[in-house]
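Below you'll find the structure, written out as structure tokens, and then a few comments.
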Amino acid sequence: EGTTALGEELREFVDGLEETDRKLFVGRYWYGYPVRQLAEAYGMKENALNQRLFRIRERLRKHLAERGYTV
């Protein structure tokens, strides 16, 4: 059940992201697209994309911590 609950929390977090952030996050961490490929597809510099992904991960960490998960 713990895995299912965590999955639901991840889904809730991803569903709450702004559309571009959601596509970037899912593209990178679900489909495993390279940063370079995503940056090119979205017209971004790799460094800017890395910073954006870092901020999304920090928001995810906070989201999970507020719900009792330690990361």
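Within the range 2-51, the set of residues being of a type in the set (S, T, N, Q) and either without any contact (Cβ under 8 Å) to a residue 12 or more places away in the chain or touching a Cys at 6+ places or on another chain (Cβ under 6 Å) (or both) comprises Thr3, Thr4, Gln37, Asn47, Gln51. Of the residues making up the range 16-51, those that are more than 22 Å from Thr3 (Cβ to Cβ) and touching a Phe, Trp or Tyr at 6+ places or on another chain (Cβ under 9 Å) are Thr20, Lys23, Leu24, Gly27, Ala41, Leu49.
Number of residues in the range 13-71 that are open to solvent by less than 70 Å² (accessible area, probe 1.4 Å) and on the phi > 0 side of the Ramachandran plot: the value is 2. Within the range 1-12, the set of residues being surrounded by 11 or more Cβ atoms within 10 Å (Cβ to Cβ), of a type outside the set (D, E, K, R) and under 14 Å from the mean Cα position of the chain (by Cα) comprises Leu10 only.
The values are calculated or read from the model by the stated rules, or taken from the named source; none is laboratory data. It should be emphasised that the depicted structure is a prediction, and the values quoted were computed from it without experimental measurement. As a convention, Cβ positions derive from the backbone with ideal geometry for all residues, glycine included, and neighbour counts pool all protein chains shown. In case anyone asks, the SASA skips ligands and DNA or RNA and just uses the protein heavy atoms, side chains included. Shrake-Rupley method; radii C 1.70, N 1.55, O 1.52, S 1.80 Å.
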